[in-house]
Amino acid sequence: MTGITRCGWVTSAPEYIAYHDEEWGRRVEGDDRVFERLTLEAFQSGLSWITILRKRENFRAAFAGFSIPAVAAFGQADVDRLLADPGIVRNRAKVEAAIANARVALDVGLSDLVWRHADPGSPAPRTDADVPAQTPGSRALAKELKRHGFRFVGPTTAYALMQAIGLVNDHVSGCWVRDGVS
């Protein structure tokens, strides 16, 4: 779609446009689906989101479709396999955190835990500069995730997750998607 207003972070990259227009800020539920987003947000830490978007299908293949039981069963051979996979971000701490997080998620209703921190009524930011990197809600979510044993879930990563799966609506005022997100 041309001639429409989008959030300022959306560049002309087709991956950004599709992600913004079809996914970002839309409700995502289900433990495996939330686990995927949490894992991708953790891998994004320190990198450009476009890097993660372009490797997303590789991540899905490498991490068994983000099936929590499958990833929780990963062992050292899987860690070695992942660290040798050029299709994903090969960061040992993040790979090991993803596996550890899957093991924790086996015993926690991840989707329900995360959705307890929803704030869908937040006012529309006027510009991207009005969008915070973290909020009291993301600090509370990060604290609760860490209390359960999740790793790589600081308040900024938690807020990115909240934005990605619709716990908050940070589409800027005037963005064509804003009013259609529920």
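What follows draws every value from the coordinates through simple rules; no lab data is involved. In this text, all values refer to a predicted model and were calculated from it rather than measured experimentally. Using ideal geometry, Cβ is built from the backbone for each residue, glycine included, and neighbour counts are taken over all protein chains shown.
Apply the Karplus curve 6.51 cos²θ - 1.76 cosθ + 1.60, θ = phi - 60°, to the phi angles in the range 31-39 and return the couplings in whole Hz, x for Gly and Pro.
4, 5, 5, 5, 4, 4, 5, 4, 5
Enumerate the amide H contacts of residue 165 below 5 Å, restricted to partners 5 or more residues apart or on another chain; note that Pro and chain-start residues carry no placed amide H.
Long-range HN contacts for residue 165: 25.
Which net charge results when you count Lys and Arg as +1 and Asp and Glu as -1 among the other residues whose beta-carbon is under 15 Å from that of residue 132?
Taking every Cβ under 15 Å from that of residue 132, the sum is -2.
Which one of 12, 111, 67 has the biggest mean-square fluctuation once the chain is modelled by GNM with Cα springs under 10 Å?
For the chain, modelled as a Gaussian network with Cα springs under 10 Å, the answer is 12.
For every helix of n ≥ 4 consecutive DSSP H residues, a contribution of -39,500 (n - 2.57) applies; sum these over the chain, divide by its total residues, and give [θ] at 222 nm rounded to the nearest 500 deg cm²/dmol.
Value at 222 nm, helices only: -15000 deg cm²/dmol.
Check each of the trypsin sites (Lys or Arg not before Pro) in the range 92-171 and keep only those in coil by DSSP with at most 15 other C-beta atoms within 10 angstrom; list them in order.
Filter output for the range 92-171: 116, 126.
What residue among 119, 130, 32 has the largest mean-square fluctuation in a Gaussian network model of the chain, using Cα springs under 10 Å?
Of 119, 130, 32, the most mobile in the Gaussian network model is 130.
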